[in-house]
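Inspection log for the structure reproduced underneath, given as structure tokens.
The values are calculated or read from the model by the stated rules, or taken from the named source; none is laboratory data. Computed from a predicted structure; not experimentally measured. All Cβ positions, glycine included, derive from the backbone under ideal geometry; neighbour counts span all protein chains shown. For accessibility, only protein heavy atoms count, side chains too; no ligands or nucleic acids. Shrake-Rupley method; radii C 1.70, N 1.55, O 1.52, S 1.80 Å.
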Amino acid sequence: MSILVQNVSKSFGDFAALHDVSVEIPSGSLTALLGPSGGGKSTLLRVIAGLEQPDTGRVEIEGVEATALPPQRRGVGFVFQHYAAFKHMTVERNVAFGLSIRHKPKEEIRQRVQELLELVHLEQFAHRYPSQLSGGQRQRMALARALAVEPKVLLLDEPFGALDAQVRKELRAWLRRLHDQVHVTTVFVTHDQEEAMEVADEIVVMAGGEVKQIGSPDELYERPASEFVMSFLGPVTKIGGELVRPHDVEILTAGTAGARPALISRVTRLGFEVRVDLEVEGEPAWAQVTRGTADHLGLKSGDRVWVLPHKVRTSVAASVGETPPAS
Amino acid sequence: MSGAVAGSARGRRALGVVTAAVLVVVYVPLAVVVINSFNRSRTFGWPPAGFTLSWWARAWHSTGARSALATSVEAGLGATAVALLLGTMAAFAVSRYRFFGRETVSFLVLLPIALPGIVTGIALNNAFRVLGLPFGLLTIIIGHATFCIVLVYNNALARLRRLGGSLEEASMDLGAGVLQTFRFVTFPQLRSALLAGGLLDFALSFDEIIVTTFTAAPGVQTLPLWIFGNLFRPNQAPVVNVVAAALIVLSVVPVWLAQRVAGDAGGGRF
């Protein structure tokens with residue numbers, strides 16, 4: 001294990017940010033801490049980095065007891081949401097900071113900085129100041145700066161949170177490729193389930209200061225441990241009191257075993273996908289079908305049809321925090 | 001529409017007149033002082049009787065004025081240095097640490113500049129007597145520092161709050177210790193705020209007269225005290241006038257610098 005967090009709790013005044021959190025993060029993986037804001041994910045990341053001291057519990061990094069170590073001696077690289085760029089230094093000196101502090105030879109620093117700037121595609125910006133860079137460029141600089149000291153673990157706190165949607169998408173894909181190149185154990189915090197699903201090997205879902213479930217994006221999507229995880233990871237609708245993904249609702253023109261009668265209240269065409277709003281036993285619900293299916297069945301509002309939900313979540317499977325991480 | 005335009009044009013003209021009047025009231029007396037320093041008439045008759053540089057020459061050779069100037073500069077530098085040190089430290093403590101009574105510190109630091117100078121003066125005078133501290137340059141510096149700290153403190157605190165803690169965290173995460181972080185990361189970002197605060201402090205100390213009256217010794221005079229003492233001696237009046245004219249020119253420099261520094265710091269970030 002690269003990072004081991006055991007029974008960590010942390011309170012700020014009356015607010016319990018983390019409650020008995022245990023997480024294991026395998027070496028070389030790319031893990032997302034996902035959850036709503038105030039769920040404790042940033043606090044957990046800061047505890048791992050040593051920027052917060054846990055009230056109870058322990059942290060181990062690469063097999064070394066780290067709970068009492070200051071951030072300087074943990075071998076972690078931290079990337080902040082708002083870049084934390086040193087504005088009075090050029091890009092080059094920002095990236096070189098950790099190496100200069102360690103009094104590395106000038107030539108070695110120059111070479112390493114050059115390599116890193118190439119890695120993050122900022123080589124032509126070496127002599128600019130952070131104020132002359134765009135948000136995405138600043139964040140790439142911050143990443144290069146964190147990687148310069150060859151951390152055992154890279155931690156990113158909502159790294160794309162301050163960027164606009166387009167740049168965020170580009171950087172996401174870029175982070176994934178970068179990780180495949182560098183292989184450093186990476187943990188990033190996000191509240192965007194799409195970002196987590198797209199980038200991470202493994203997702204730790206957190207809410208209310210607790211770990212709700214740990215697993216691969218597929219596992220979480222297909223076998224959510226709770227209604228909370230299910231609704232946080234994708235769209236859901238309720239049919240007969242059970243949660244179901246709208247694309248797992250089959251629409252039939254004739255009754256069959258398990259099917260319920262429904263009234264179509266509206267059909268919305270969104271390109272390939274068609275959203276069908278329904279009334280099932282007096283309750284609103286919706287289904288997501290392809291354009292082909294909708295055309296084939298000739299669905300239109302006012303039609304009386306039958307709905308058959310598949311893969312309904314009937315009971316809470318594994319309990320909270322006990323699902324072992326896939327590695 | 002045309003009425004609104006006419007109204008706003010009239011309003012603008014009225015504002016212009018008021019602004020001009022205020023500027024005249026403030027700057028004409030200053031101009032008179034400067035002109036009179038070259039006035040041949042000893043009693044400053046108007047219009048000036050003729051041009052002379054003799055008052056400037058006399059002021060230059062006046063040992064009283066020179067030693068008072070030296071004392072003022074020393075007191076200003078001393079008070080500014082003390083204020084920079086204590087003000088920065090207090091701002092750091094308040095912005096970066098949580099401790100009992102943190103909210104009260106800002107109030108306590110601010111209070112001396114709001115207190116009437118005469119109250120501060122009497123209080124310090126009594127305190128120095130009780131402590132047995134001999135009156136002189138040191139007591140003047142302490143007196144001035146009490147109200148100078150707040151300018152550095154406020155400037156530094158505002159800057160530290162705006163910077164946030166993540167720069168320092170990033171620095172420490174990259175391996176820098178507390179002192180290295182201060183030297184390479186925090187101080188460079190704080191420098192312009194400290195410079196602005198320091199320049200204002202120097203200016204504030206330089207023309208202070210009330211607190212100084214209560215903390216100076218008979219032999220140790222600052223320039224304002226010297227001016228005040230010589231103002232009504234007919235023989236010295238022209239020299240006092242020259243000193244005042246010189247001070248007008250000199251005070252423009254730090255204020256202009258402070259404004260420039262503060263302006264630079266405001267722009268060009270984020």
**Study point:** Between B and A, accessible area buried - total, square angstrom, nearest 100, 1.4 angstrom probe
**Key:** 1900
Study note, to complete from the structure: Under a Gaussian network model of chain B whose springs join Cα atoms within less than 10 Å, the largest fluctuation of B:Gly132, B:Gly117, B:Gly16 belongs to B:Gly16
Review point. Rg and Dmax of the protein assembly as shown, Cα atoms, in Å?
Key: 35.4, 118
Check your understanding: Kyte-Doolittle mean at least 0.0 and Cα extent at least 20 Å along the axis: which DSSP H helices of chain B qualify?
Key -> B:2-36, B:63-96, B:117-131, B:137-163, B:187-206, B:237-266
Study note, to complete from the structure: Semi-axes of the stretch A:176-264 from the Cα gyration tensor (sqrt of 5 times each eigenvalue, largest first, whole Å) come to 34, 15, 10
Exercise for review: Using only the alpha carbons, work out the radius of gyration and Dmax of the stretch A:97-248 in angstrom.
Suggested key: 19.3, 69
**Study point:** Among B:Leu77, B:Leu23, B:Leu163: highest mean-square fluctuation, GNM of chain B, C-alpha pairs under 10 Å
**Key:** B:Leu23
Check your understanding: What residue among A:His179, A:His296, A:His247 has the largest mean-square fluctuation in a Gaussian network model of chain A, using Cα springs under 10 Å?
Key -> A:His296
Exercise for review: Name the longest site-free stretch of chain A, where the excluded sites are trypsin sites (Lys or Arg not before Pro) in a DSSP loop with no more than 15 other beta-carbon atoms within 10 Å.
Suggested key: A:129-299
**Study point:** Length-normalised contact order for the stretch A:136-201 - Cα pairs under 8 Å, 6+ apart - percent
**Key:** 40
Review point. Could you give the nm distance between label points at A:Asp295 and B:Arg58, where each point is 7 Å from its Cα heading toward the beta carbon?
Key: 10.6
Point to revise | Sum of -39500 (n - 2.57) over DSSP H runs of 4+, divided by residues of the protein assembly as shown (222 nm, nearest 500) | key: -16500 deg cm²/dmol
Review point. For the protein assembly as shown, what is the accessible area per residue in Å² when the probe is 1.4 Å?
Key: 50
Point to revise | Accessible surface, 1.4 Å probe, highest first, among residues A:His310, B:His144, A:His103, A:His88 | key: A:His103, A:His310, A:His88, B:His144
Practice item. Mind checking which aspartates and glutamates have their Cα closer than 18 Å to the Cα of A:Lys104? Skip sequence neighbours fewer than 8 apart in that chain. Key: A:Glu92, A:Glu115, A:Glu150, B:Asp173
Revision key, fill the gap. Of the convex hull drawn through the C-alpha atoms of chain B, the volume per residue in Å³ is 215
Review point. Expressed as a whole percentage, what fraction of the accessible surface of the stretch B:62-266 belongs to carbon and sulfur atoms when a 1.4 Å probe is rolled over the protein heavy atoms?
Key: 71
Check your understanding: Rg (Å, one decimal) plus Dmax (Å, integer) for the alpha carbons of the stretch B:34-141?
Key -> 21.9, 67
Practice item. Throw me the Rg/Rh for the stretch B:74-227, computed over C-alpha atoms with Kirkwood Rh, two decimals. Key: 1.05
Review point. Stretch A:Asp164-A:Arg177 to full length: gain in nm at 0.36 nm per residue minus the Cα-Cα span?
Key: 2.7 nm
Check your understanding: How far, in degrees from 0 to 90, does helix A:91-101 lean away from the longest principal axis of the Cα atoms of chain A, to the nearest 10?
Key -> 60
Review point. What's the long-distance tail for the stretch A:20-146, i.e. % of Cα pairs beyond 17 Å?
Key: 64
Point to revise | Cα-based equivalent ellipsoid of chain A: semi-axis lengths in Å, sorted from largest, via gyration tensor | key: 45, 24, 15
Revision key, fill the gap. Placing +1 on each Lys and Arg Cβ and -1 on each Asp and Glu Cβ in the stretch B:1-149, then taking the dipole about the Cα centre, the residue among B:Gly78, B:Pro134, B:Pro48 whose Cα reaches farthest towards the positive end is B:Pro48
Review point. Can you tell which of A:Ala200, A:Gln139, A:Leu155 lies farthest toward the positive end of the dipole of the stretch A:139-234, using +1 and -1 charges on the Cβ of basic and acidic side chains (Lys, Arg; Asp, Glu)?
Key: A:Gln139
**Study point:** Relative contact order [Cα under 8 Å, 6+ residues apart], the stretch B:62-266, whole percent
**Key:** 34
Point to revise | Computed FRET value (nearest 0.05) for B:Val26 with B:Val119, which takes r as the C-beta separation and R₀ as 22 Å | key: 0.20
Review point. Hey, which of these cross-link pairs are over 22 Å Cα-Cα: A:Lys10/A:Lys169; A:Lys238/A:Lys311; A:Lys10/A:Lys41; A:Lys41/A:Lys212?
Key: A:Lys10/A:Lys169
